[in-house]
Amino acid sequence: MKDRFNLYRFASPATFYPLAGAMIPYFVAVSVVFGLAGLWLGMLVAPTDFQQGEGYRIIFIHVPASWMSMFIYLVMAFWAAIGLAFNTRLSGMMAQALAPTGALMAFLSLLTGALWGKPMWGAWWVWDARLTSELILLFLYIGYMALTAAIDDNRRSDKAGALLLLVGVVNIPIIYFSVKWWNTLHQGSSVNLAKSSMATTMLWGMLLMAMCFWMYSIAIAFMRVRTIMLERERNTEWVKAVLTGGEK
Amino acid sequence: MIHWASFSDFIAMGGYGFYVWSSFGATALIMAIEPIIASRNHKTTIARLKRQIRAENRNTTE
């Protein structure tokens, strides 16, 4: 029974640290492959949009960045709930490792949205429900990072951060459904399970780019969580073993 | 298969070149810089922790 496969083993930083390190190059490679395929389809093959001309091609980063900004927040909220319920060490580290990437994705979503809105709507910014709720998401990320950075004790900063994440998660369905609930200038969703309003090459280009952004986010979060692990567990034997063993 | 007639067409993006390439440029920049910062942080953290361990060992052996 001693050698039985145990999933909880991976929840221990000592096991997760080398595992994450070994997986980073694979996630990077897969992300690059998805990115190249997505760019090739989206930028070289996909046809012109009949309404928006070539300007619509911003969609190939705008939608993946927006999806990731919401998805990363959900993952952080998931870790927050796990951390509060089971008091696990890894969950707070995971949430902290994801936050900067989530913030950057929200920022990219807003930036590319402005660059898309200007030629299509004639305005860089409007106080529309979709745009405003995405801006609040960016503020939630920044608030989370500032809050956890302001509290020195890791357990307390994890708890405070987790509470903020769980309260703020209400914003995610608001962003997602805003184009349905309110009369917004922002267009409705382009991807629909029943009937997509996009050409097949456009759709595939976008999905491939979304996969690229997803794999990128995992790779960068793994990079960051390894640093956080060393920092937080610096007094443990496994970190000392890693540092003196000459492993990078 | 390729949608564009020429390279200059591709760059012009039907008149939306500025908006399209700014979006892609900003994204590429962020996705290049973020990993560089993360790996640099990792290296400086390791260097700092190694220094601390050495300092501790000195103190205990004395």
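Quick notes on this one:
- Residue match in the stretch A:95-103 (condition: over 24 Å from residue A:188 (Cβ atoms), away from chain B (no Cβ under 14 Å) and not acidic (Asp, Glu)): yes
- Taking the criterion of being surrounded by fewer than 17 Cβ atoms within 10 Å (Cβ to Cβ) and in contact with a Gly (Cβ under 8 Å, 6 or more places away or on another chain), the only residue of the stretch A:50-91 that qualifies is A:53.
- Look at (1) away from chain B (no Cβ under 13 Å); (2) surrounded by 23 or more Cβ atoms within 10 Å (Cβ to Cβ); (3) modelled with pLDDT under 95 and you find that residue A:46 fails only one, number (1).
- Top-ranked residue in the stretch A:41-94 [being of a type in the set (D, E, K, R) and in a helix (DSSP H, G or I); ranked as nearest to residue A:214 (Cα to Cα)]: A:57
- Hey, residue A:120 part of a helix (DSSP H, G or I), in contact with a strand residue (DSSP E or B) (Cβ under 9 Å, 6 or more places away or on another chain), of a type in the set (A, V, I, L, M, F, W, C) and at pLDDT below 95 or not: no
- Conditions (1) more than 26 Å from residue A:94 (Cβ to Cβ); (2) in a helix (DSSP H, G or I); (3) under 20 Å from the mean Cα position of the chain (by Cα); number of the one not met by residue A:218: (1)
- If you go through the stretch B:7-36 and pick out every residue that is within 30 Å of residue A:97 (Cα to Cα), more than 8 Å from chain A (Cβ to nearest Cβ) and not aliphatic (A, V, I, L, M), you end up with 2.
- The residues listed here are A:128, A:153; of these, the one that is buried (at least 19 other Cβ atoms within 10 Å of the Cβ) and more than 18 Å from the chain's Cα centre (by Cα) is A:128.
- Of the numbered criteria (1) of a type outside the set (D, E, K, R); (2) more than 11 Å from chain B (Cβ to nearest Cβ); (3) under 17 Å from residue A:189 (Cβ atoms), the one residue A:75 fails is (3).
- Taken as a whole, the condition of being modelled with pLDDT of 95 or more, surrounded by 23 or more Cβ atoms within 10 Å (Cβ to Cβ), within 14 Å of residue A:217 (Cβ to Cβ) and of a type in the set (Val, Ile, Thr) does not apply to residue A:24.
The values are calculated or read from the model by the stated rules, or taken from the named source; none is laboratory data. For clarity, every value in this text was computed on a predicted model and none was experimentally measured. Heads up, the Cβs are rebuilt from the backbone with ideal geometry, glycines too, and the neighbour counts pull from every protein chain shown.
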